[in-house]
Amino acid sequence: MSKIIIAIDGPAGSGKSTIAKMVAERLNFTYLDTGAMYRAITYLALQAGIVDDEKEVNKLVEGLDVTLNFENGLTHVFVDGIEVTEHIRTPEVNSKVSEIAAMPFVRKELVRMQQSMGKVGNVVAEGRDTTTVVFPNADLKIYLDATVDVRAERRYKEYLEKGVPVNLDEVTENIRKRDRIDSGREASPLLVAENAIEVDTSNLTVDEEFEILIENIKKKINFN
């Protein structure tokens, strides 16, 4: 197998990250978490107090080097060599990341970086435009979805497990807001690619999701 790309798309909380990591580990592929890159920019913009100023965010992104290192089940995120991993998955970042990701120049710069990472091949990439914009010619495209309530409950439990105090209603509203922004933005809106395999994960366990994906991958790609 050489230069195989598997792209996994879907809305916030649909289970993309968990499944993509499992698939990458199963195939011994590189895991590319595109969303972590947008989170890194959002964190930096929040720190600089410019998160609502698109021109300033564009200046921030220009020339930045965002890199990922997946190790022991965790994506380590670096900006210009400085690790920001611990800072990018907070409610504050979650509440603004879709707005940052909707900025055309930000998307252009990060997509360029992501496509460069994908050139090495044997990649499992996940994010909200991996099947339509980043890797439109991926060998296999998968679109995961679930109801808003299920996705909000998953995200709520993630926060609790990390010791982050949150309110379920607030998490649900944030999911709805992100859906509106992700689907309605002009730059690379969230869409189901024409040839993507759609999987509704609302009533599936993680193991069931994984088995469905592996079976579809086996049909497309020859592996044991």
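Structure notes:
Residue-by-condition table, conditions (1) surrounded by fewer than 18 Cβ atoms within 10 Å (Cβ to Cβ); (2) under 29 Å from ILE4 (Cα atoms); (3) in contact with a strand residue (DSSP E or B) (Cβ under 6 Å, 6 or more places away or on another chain); (4) at pLDDT 90 or above:
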residue	(1), (2), (3), (4)
ALA125	no, yes, yes, yes
VAL164	yes, no, no, no
LEU191	yes, yes, no, no
ALA196	no, yes, yes, yes
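- The condition (being touching a residue at least 12 places away in the same chain (Cβ under 8 Å), more than 23 Å from VAL79 (Cβ to Cβ), of a type outside the set (A, V, I, L, M) and surrounded by 21 or more Cβ atoms within 10 Å (Cβ to Cβ)) is satisfied by just one residue among THR147, THR131, THR172: THR131.
- When GLU99 is tested against the conditions (1) among the charged types (D, E, K, R); (2) in contact with a Leu (Cβ under 8 Å, 6 or more places away or on another chain); (3) crowded, with 16+ Cβ neighbours inside 10 Å; (4) not in a loop (DSSP other than H, G, I, E, B), the lone failure is (2).
- With a requirement of 3 or more residues that are at pLDDT below 95 and surrounded by fewer than 23 Cβ atoms within 10 Å (Cβ to Cβ), the helices (runs of 4 or more DSSP H) lying completely within region 1-85 that satisfy it span 16-27.
The values are calculated or read from the model by the stated rules, or taken from the named source; none is laboratory data. Here the structure is a predicted model, which means the values were calculated and not measured. Neighbour counts are summed over all protein chains in view; Cβ atoms, including those assigned to glycine, are modelled from backbone coordinates with ideal geometry.
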